[in-house]
Structures are given as structure tokens and as C-alpha cells.
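Here is the structure we will look at, set down as C-alpha cells.
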Amino acid sequence: MTNKVTLYIDNLSYQVPDNINLLQACLSLNMDVPYFCWHPALGSVGACRQCAVMQYQNEEDTRGRLVMSCMTPVTEGMRISFNNEKAHTFRATNIEAIMTNHPHDCPVCEEGGDCHLQDMTLLSGHIKRRYPGIKRTHNNQYLGPFLNHEMNRCIGCYRCVRFYRDYCGGKDLNVFSSKNNIYFGRTESGNLENEFSGNLAEVCPTGVFTDKPFSKHYIRKWDLQSSPSICTHCSIGCNIYATERGGIIRKINNRLNQDINGHFLCNRGRFGYQHVNHENKISQVWSRDHQSNKTHALDNIHAHIKLKKWLNESNARIIGIGSPRSSIENNAALHKLVGAHNFYAGIAKNELTQLNLLTKTYESNQINLLSLKEIEQTDTVLLVGEDVTQTAPRIALSIRQMTKNRGINKAEKFGIKPWQDEALRNITQDTKSPLIIINTHESKLSDVAKQNLNLSPNKQLILLLEIETYLVNNTSHCSELAISIASDLLNANNPAIITGTHSFNIELLSACLRISAILKKQKNNSGFYCATSAVNTLGLSLLCEPEQDITHLIESIESEPPTLLVIMETDLFRYFSDKKLTTYLDKIKHIIVIDQLITDTVKMADLVLPATSFSEQNATLINNEGRSQRAYAVMPANDMRQTPYKWLAQHNSLDDDHKLYQYIQSIDSLLQPLSQFKSINKGDFTSARQPLRSSARTAFFANVDVKEYAPICDDKSNLTYSMEGVSAFRQKTLDNTQYKITTPVTGVWSPKWNSSQAINKTSLEDKNESDLAVKIFNTASAVPFEIPTAQQKTYNQPLNTISVCPHHHIYTNDDLATFSSSIGELAPKPLIHMNQKQANYLSIKSGEKLTITSNEYQISLPCEIHNTIADGVILVPFIEYIRLGTNIQVPSNYTDGEYDD
Amino acid sequence: MMSQIRTLLKVLKHTFTKSDTVQFPEQKPYLSPRYRGRIVLTRDPNGDERCVACNLCSAACPVDCILVEKDETQGGRWQAKTFRINFSRCIMCGFCEEACPTHAIQLTPDVEMAEYDRQNLVYEKEHLLISGSGKYHEYNFYEICGKAIEGKNIGQAQNEAKPIDIKSLLP
């Protein structure tokens, strides 16, 4: 618990929490204290000497001494002066020294206008350069498709390496040389390997690391129209600001949500937005004419006439496929249109089974659902069967922070605070909170893991069942490994089990759930987290009954094909082989596809309705912990694009928002909390999406028509597509009397603070951003449910069977992100991975092609040998794995001979 | 009485002074080089475009009539992909010239811009770009800036040391 202490700044008294440093305290009190090296997530090192303030012994002391506020803990009765002449001169001289080598680059620097160095220079009063001498220069490096490198601009604050190495565990960025020659880069040019490297653009206080894709369609910060949104590239639902100008998404910025993403995003979330600007986006209604075999564009009215005709055909049997990456509103609209029995989730069979199990367990309140913030606070993590770095990367960053907790606790005994970074690291040394990873292959988290167990799925399950038995009756019949893991969990104060649905192994998932449930009985603080596949997968599964998935649907198409199939934002070709799917789809009379990009499924459609991307719609999304969050459109829909629920509104009688939300609530009682989004349009204030200094408003469309039109009105939210409204960024006033404004904040800005660092000037208690998030699984009303126990036959399988397992990759897993050119550049070639022993057994060499077949699909890919993969496991790329479906076989001609386990 | 006579005399005297009004357009008045008239985009002494698309003119413009969109050449120079001034809005205040860090945008003593159609007052980059350097002849931004471009590597700008060899053991 934090207590409040009183401190006196320039003879005025203030109350601040006692666990923070003086700098953070001053910033939260809305004082303009300049700083460079401090970062709320990275702590203080006192490297830049910029945040100096004068501290006094007592009331009588008039001389005082200079202290670095970031290195000073707040104490009761402390007296400091920020405006003191000496302190001010110190800060001004210091920045003048820092600026001697800074190049004359601001006009051609992407950071300009969003630059912490610019802000701090003006804040410290250094306005004119007096240094006439020679500037030192540095050569730059190529750092991959995400970041530009311009070392001349460096001010040596060390934030980049502290973030990259200490926070993210990256190895390939380092600091070289000494004194004025100091250099931050790689040993040689090359792609930055870490999945969070993109954050360097925000972490760096100046323009050394800048966003490369942003630079290709560059707009100054003051011109960016921005709105609070939710990242749609994995199941976590990180909070972002999407920024736009002229119908093009320019950049994704982090939006601070302490419960989820904190200050950082992964590269997939930060750079995956380019599908919105892609040339293959659909902006018109397309209709196929079967007589002439031609495709032609339709206008809005004819599209609806056609839709109506098909929907009202006699003997019509209509099936809808909902989408895990589309909002609850869209899925509910389709659900209403086709009816509950005909609504299928756009996910595979085994995933929906997993999701049903998850939601039932969550509802029964047998386990504690964690948020990412809470994961960071646990002290032991058992990570099972999920390579989170690849499937939901932000979790991996939180788990990495978790491992530091034992060191933090150790340091606390010496009176060291968590933000005292250098001292903390000195005391911590190699002390780590236990992280036990059970997976088929080694992941990027293995460097901080206490135990890294690479096992085939069957062995994983046996181990988990042993742990479960040990936890229940403490028998010593279990293997030593199981006992050691179980005792790690039992010794912890708040252990967490983290898993995911990407192993597609229902037995493994239910074992994890059972262990969590048992742990919760013994330790009330234990928790559970499960990564799912897409941003709204959990929400979608609430709309579907079991077995309403596309695998079952395709099987039923064969026997009784529907007359009309409405596919919403799902690329079926990701799940099935081309041949199989084409024959099935040919049996259907009419296919309507509502999507934003031309996918293979869109090419099969008879009528294509253009859907809006995440940036053009207000949406409610439910993430993997059942947190429903609201995302706002950043721009009006392009051309003929419409949010899918609007396309369907005329035909499903949900023509206003009130009816829509009422319908959503009637589907599942868990969706009740969404009712709050009904009243979201009504607020006292409107918020401006554009910053105050939005420029070129009378020139932007002047080439089309010199007449100026009124800005487009957004009737679905109380945000405006203009500068009109309360200012985007709000902060507490000094006397804490801010009027509570509930409209969402659309950007990060504070007077004199133009860069994203302005976020540190928000008050510490203010949780403005996450006000709109609701957890749908509430602990008050539990619905009893028994987690199914393991079936004997699955784990009694002979151990020498070869398991084909999915291999995930951050840059290929998400279908929309792969449309981004920068992400596509880093996508790996599809390969099959296995260890040497397995390769010997199959008598195959590295680089040779291996063929794997299933009932309806066959892949043939080159092999690569990695000895960190478990015995008996063959890893195939995730996309291919899904298409393989069930009954996967490695051809029998390879499997002669003895397999020695 | 005396003041009335003085007034009459002054008026009489004024009859013989040279008139300030000229017979425009046959006769042109003298406008000083720093007169704030039609806006142009200039080139540096090497003949390359001076504008680096930094958007400062656009931000300084009180009537928001300047649109600049950034592009980058193969050689690494920043330049404007779009540079549009809506002169039907422009108030010739000259803030853009003051804001320009590269002396690219300059106001000229040309004021003859009247049009019958307002749409014709929208000037694109090709209408604005001139081939000379305008009022400031010597200034070349890229000779001072630290960013490397084709033909000027790191360490070759004014007041720049050679790039540091980070593998050297010397302090």
C-alpha cells in the first residue's frame, strides 16, 4: 500500500504517494521539470543530469544543494525548490552542453514536432546556440524495415539500450565506445531482432530511432487526426491511438492503459496497420454476373435490392459466418440476420471447443483471470504450450518483467525502490522469479526461464497431469520434475498459469484450467491467462453454440448446401485447402462476402460488400480476458465502405443502435455489460480528433474544389472530425479540481509538451483511458461448471508417435498484418522444423523437402534442423498446420525402422 | 484667419508636387524587394529545390492555406510531393517566409494575381517553383544540416568532424 507524504515545493505544500521519485511527483503535480533518461517503465539512472532541483535541509536552510530529482525518493516534510536561480542555470547550462553536437536537422527529422529534446530545450531556456565549434558525427546503420537510424542526433541518455536490453531482453543493440564518441547501435548493420524494437521510436527522446514506415507517408504530429482505438492484430486488445490524414493511416501510437499494454506495443501492432492503405482494399460493391461471367460495380441501392432478393427467396436457407476480427456489433447483426442456428464462427473446430471450455470456466469463477498488469505482479509463472512471443507478443514482455520481481523484493529489504534501476540491477544480479516454460520448442523467453522444458504434446500432458495429482494429494509417486514445478507453484504467493489456444490441444488447456482451479483453492491469489487467436475471438464464441464452427459448416455444406452464404471478414482459404473449399463453395447458389481486402474468399463471391477497417468504425471488442473495450473510428469510411452491421441494418430490423445493443444483450447474459455503450453518444462535451494546430484546412481539398465544405459529422460517437471540441489531452490542475469529462481522450499533448512524453504529466490516479472497459466475467455471479478431466486414451498413446505441431511467427500469424510491407519483409520463409534426432529417424537432411499429408491437404516444404525442438515433434508453419486439419500423417516410407525414445 | 490662409497655401503647394498615384497597369509602381506579394518557392545555389517539406510554413499560416506533403528522393533529400497554396485565402502576411528554415518560401513584389475564377487561385508546386534563389543567394540548407544526402556524406557539412571510428581504442 502506498502512503501519502507531504513535501514543500517552492514553499507550497503538496501531497504525493511515497513510492515514487521526486521527478515523477513533480510531473504529476503538473510542473514542467525537464528530463531525458527517466522513463516511468524503465526507472531512473540519473544519467542526463537534466532534472536538477534545489533541496533544502530544513526551513532555515537558505543555501540548499542541487539534487537530481529522478534519483531522489520523496520523504515526509521534504523541502525543494524548482524555480531556484542556481537550479535553473544548472539545467540551462546542462542542456547547452548536451546540444553542442546536435545537428541542424529539425526540418528534415521525423521527430520534429513530436520531439522530447525540442520540448526540453525550450523548457530549460536554451534558445540560441553559442557553441561555434566542430560537431562530432557518426555513421548510421541499417536497422531493418521498422526503424531509421540517425546517430548524429543522439544525446546519450541510454534509454534505448535500457529499454531494448534490460526491459525487452534484446541482445543485438548495444552501446559502444566512450565519452563523446558514444554510439548506440548494432555491431553491424542488420534487422533489429527484438519483437518490440518499434518502441524505440517512442522511447528515444530525440530522432535517433524514427518510425520508417511512417516516414514514407510522413505528416507532422500537429496535423495528425487521432482517435483512441484498439489494436486488432492479436487477442490482447492493446490500446492504441490510430492517426490519420487524407484517408491514409499514418502511424500507430501507444495509448497508455496501465492494465494492458502500459507504455509499449509489439511490432505487429505498431506496424501492422498498413492493410488499411493497401491497394487491394475494397471500396466498392462488386457483383458477379453469371451469364456474362463478368464482375461489375453496383451502387448502394442496387446492392440492397440484390441482397433483399436473395434473402427473401423461397426455400432460402441462409448461413452466416462471423469473424473473430470483427466487432461484437457486426457479429450480432449477422447473427440476427441468419438466426442463431445458422450462425457459424469463422474459426476452426478445435479452437471453438477450446473457447467454449474457457468461457464456461471463466463464468464459473473457479479461477482468477489476470490482466497483463497483474501478470507483471505475479511471482511464479508456468507457461504451457504457447509461444507467446509469437502469438500474443505483449504477454511475453509482461512475463519478462515478472521475472524481475524476486530481485525487486530482495532490493526492498535493503530499502531500494523498484525505480532505482542501477541499484536494483546490482542487487538483483541473476536472481529471477521462477518462470517454467513447457512447450514443443524453445522460445525467446527461454533466457529468463528457470526451466525450459521442450516436450512433445503427449509428454507435456503427462507432466501436467502429474503436477495436478501432486497438487491434489501430495503423493510422491510423481516424477521429480513434476514435484519441483508443483512446489515452485506452491511456494509462490501469487502463481500464474499462462497458456493459449494456439497449440489446438484441448486436453492441455483443460489440464491448465484444472491446475489453476486447484491452485486457486489453495492460494487465493493464483491466476490464469489464456491467449486466443484474434481480437474478438472470445466475444464471437459467446454468440455461437458448440459445433457452430466452419469445420462443421463445411461438412454440412456437402450434405445440404445453403442457398445463401454470408461470409463476414473471414478468409476461408486460411482454414481449408483450395481444392476442397472450391468444390464446396461451388455448391452454394449465392455467396455474399463482406470484407475490407481482396482475399481468396472475396474472389469466390457473387456479391462483395466493402467493409470498414478498424480505423473507420466504432466497435466493441472483447479481448481474451473478457474485457470489452470500445474503439473509435479515426476517419470517416472511405468511398462506399460501411461498417458490416450497417450493411445488414436494413435487412435484420436492427436499424438503430438501441435495438442493436438490446439484441446483443439478449444473446448471452454475459454480454449485459455492453449496455453502457448505448448511451455512449450522449455526453456533455464533444472531443476533437484533430489537434489545435491542425494546418492546411483551406488548402487540403482546394485542388478538387476551392470551396470549403463542412467537416463530416460523426453521429455515432461524440468525437468530431475537426478541431472543435474539448482539447484532446487533459490533465489535472494543481489543486485537483478538474471537472470530470467522460469523453474519450484522442491524443497525448500537454502545454509545452508536444512529444508523447506528455503522458507523464497526467496525474497518477487518473484512469481516464480505461474507464470504458468492462470485464464481462464478473466474480459476483458464478455459474457452476466442472472442468472435464483428461481422457485416458490420449495420454496413453505410444510415445514414439510423431506429433506435427504448429509453428507460430509474430509476422505471419495474423492475416491482416501480413498485408503490411514492412512486416512482410521480415516474414520467414515457410519451413518445417525438427531436431537432428527426428531428422535422422526420417532420414532427411537440412534443406531437403519433407511431405506431410492429411485427409485433404498436402504440404511439401524444406526442412531445417533445430536442436531446441522436442523429440518426436515436427513443427510446420501455423498457416499450413490449420489447412492440414485433422489426421495428419508423415508419409510412411519415412517411418521405417526403430524409433528409439 | 491665419490658419485658413496657411491651409490654402499648403493645398496650392501640393498642386505642384509629383503624384504618388500611377496609371496602373500601363505604369507600374515601385515595390521594394521585400514587399509581400505572390509567394514563390526558390532553389539553392546548386539549382536544387530548397523546400524540405518540413511543414513549418503550413503550421505558421494563420489562414491554413498551405499544404505540404513530404517525399524523399533516392539520394535522401526531403522535398515536397505536394506544395499547394490557396491564394484565395492567403493574406500575404509573410509568416511562412519567417518560419521557413531553408529560405525556400519567399514573398515577391508581384501583386498582379487577380482572377475571374477563384479556383485559378489554387497554386500547385509547379506554379510556385522558380528557377532562381530569390532574395537569399548563398544559403544552402543541406550544407549545414547533419543529414547525409547523395553527394554529401556524414562529416562533410559545415562545422562537422569526420565520422567517429567506434572501433578505435582512443578515448
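For residue A:364, work out the one condition from (1) in contact (Cβ under 8 Å) with a residue 24 or more places away in the chain; (2) over 31 Å from the mean Cα position of the chain (by Cα) it doesn't fulfil.
(2)
Is there any pair with a first residue in the stretch A:12-31 that is hydrophobic (A, V, I, L, M, F, W, C) and a second that is at pLDDT below 90 whose Cβ atoms are under 6 Å apart and which are 6 or more apart or on different chains, and what are they?
Final answer for the pair search is A:27/A:760; A:27/A:761.
Is there any pair with a first residue in the stretch B:90-116 that is on the phi > 0 side of the Ramachandran plot and a second that is among the hydrophobic types (A, V, I, L, M, F, W, C) whose Cβ atoms are under 6 Å apart and which are 6 or more apart or on different chains, and what are they?
What qualifies is B:94/B:107.
Here are some conditions: (1) within 26 Å of the chain's Cα centre (by Cα); (2) under 28 Å from residue A:877 (Cα atoms). Residue A:495 meets all but one. Which one does it not meet?
(2)
Among the residues of the stretch A:162-194, which ones are outside any loop (DSSP other than H, G, I, E, B) and within 14 Å of chain B (Cβ to nearest Cβ)?
Matches in the stretch A:162-194: A:174, A:175, A:176, A:179, A:180, A:181, A:183, A:184, A:185.
Here's the yes/no breakdown for (1) farther than 26 Å from residue B:74 by Cα; (2) under 22 Å from the mean Cα position of the chain (by Cα); (3) hydroxyl-bearing (Ser, Thr, Tyr); (4) exposed (fewer than 14 other Cβ atoms within 10 Å of the Cβ):
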| site | (1), (2), (3), (4) |
| --- | --- |
| B:115 | yes, yes, no, yes |
| B:118 | yes, no, no, no |
| B:121 | yes, yes, no, no |
| B:124 | no, yes, no, no |
| B:140 | no, yes, no, no |
| B:147 | no, no, no, no |
| B:160 | no, no, no, no |
| B:165 | yes, no, no, yes |
| B:169 | yes, no, no, yes |
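Restricting attention to the stretch A:505-544, report how many residues are outside any helix (DSSP H, G or I) and over 17 Å from residue A:789 (Cα atoms).
Of the residues in that region, 15 qualify.
Of A:90, A:82, A:36, which residue is away from chain B (no Cβ under 14 Å) and either closer than 16 Å to residue A:156 by Cα or acidic (Asp, Glu) (or both)?
Checking each option against the conditions leaves just A:36.
Mind checking which residues of the stretch A:409-439 are among the polar types (S, T, N, Q) and in contact with a helix residue (DSSP H, G or I) (Cβ under 7 Å, 6 or more places away or on another chain)?
Answer for the stretch A:409-439, where residues must be among the polar types (S, T, N, Q) and in contact with a helix residue (DSSP H, G or I) (Cβ under 7 Å, 6 or more places away or on another chain): A:428, A:431, A:433.
Report yes if some residue within the stretch A:376-385 is modelled with pLDDT of 90 or more, within 22 Å of residue A:508 (Cα to Cα) and among the small types (Gly, Ala, Ser); otherwise report no.
The answer is yes, given that some residue of the stretch A:376-385 is modelled with pLDDT of 90 or more, within 22 Å of residue A:508 (Cα to Cα) and among the small types (Gly, Ala, Ser).
Looking at A:503, A:510, can you tell me which residue is surrounded by fewer than 23 Cβ atoms within 10 Å (Cβ to Cβ), polar (S, T, N, Q) and under 28 Å from residue A:236 (Cβ atoms)?
Testing whether each residue is surrounded by fewer than 23 Cβ atoms within 10 Å (Cβ to Cβ), polar (S, T, N, Q) and under 28 Å from residue A:236 (Cβ atoms) leaves just A:510.
For the stretch A:230-276, enumerate the residues that are part of a loop (DSSP other than H, G, I, E, B) and of a type in the set (S, T, N, Q).
The answer is A:232, A:235, A:258, A:261.
Report yes if residue A:140 is within 14 Å of chain B (Cβ to nearest Cβ), among the polar types (S, T, N, Q), under 19 Å from residue B:144 (Cβ atoms) and not in a helix (DSSP H, G or I), otherwise no.
Yes.
Any chance the stretch A:206-214 includes a residue that's farther than 20 Å from residue A:40 by Cβ, aromatic (Phe, Trp, Tyr) and modelled with pLDDT under 95?
For the stretch A:206-214, residues farther than 20 Å from residue A:40 by Cβ, aromatic (Phe, Trp, Tyr) and modelled with pLDDT under 95: absent.
Could you run through the stretch B:21-69 and say how many residues are more than 13 Å from chain A (Cβ to nearest Cβ) and part of a loop (DSSP other than H, G, I, E, B)?
Residues in the stretch B:21-69 being more than 13 Å from chain A (Cβ to nearest Cβ) and part of a loop (DSSP other than H, G, I, E, B): 24 in total.
Taking the residues in the stretch A:294-316 that are of a type in the set (D, E, K, R) and modelled with pLDDT under 90 as candidates, determine which candidate is farthest from residue A:341 (Cα to Cα).
A:294
Please enumerate the residues belonging to the stretch B:120-169 that are farther than 30 Å from residue B:107 by Cβ, among the acidic types (Asp, Glu) and modelled with pLDDT of 90 or more.
Residues satisfying the conditions are B:150, B:160.
The values are calculated or read from the model by the stated rules, or taken from the named source; none is laboratory data. Bear in mind that the values here come from a model prediction, so they are computed numbers and not experimental data. When we count neighbours, we look across all protein chains shown, and the Cβ atoms used for this are built from the backbone with ideal geometry, even at glycine.
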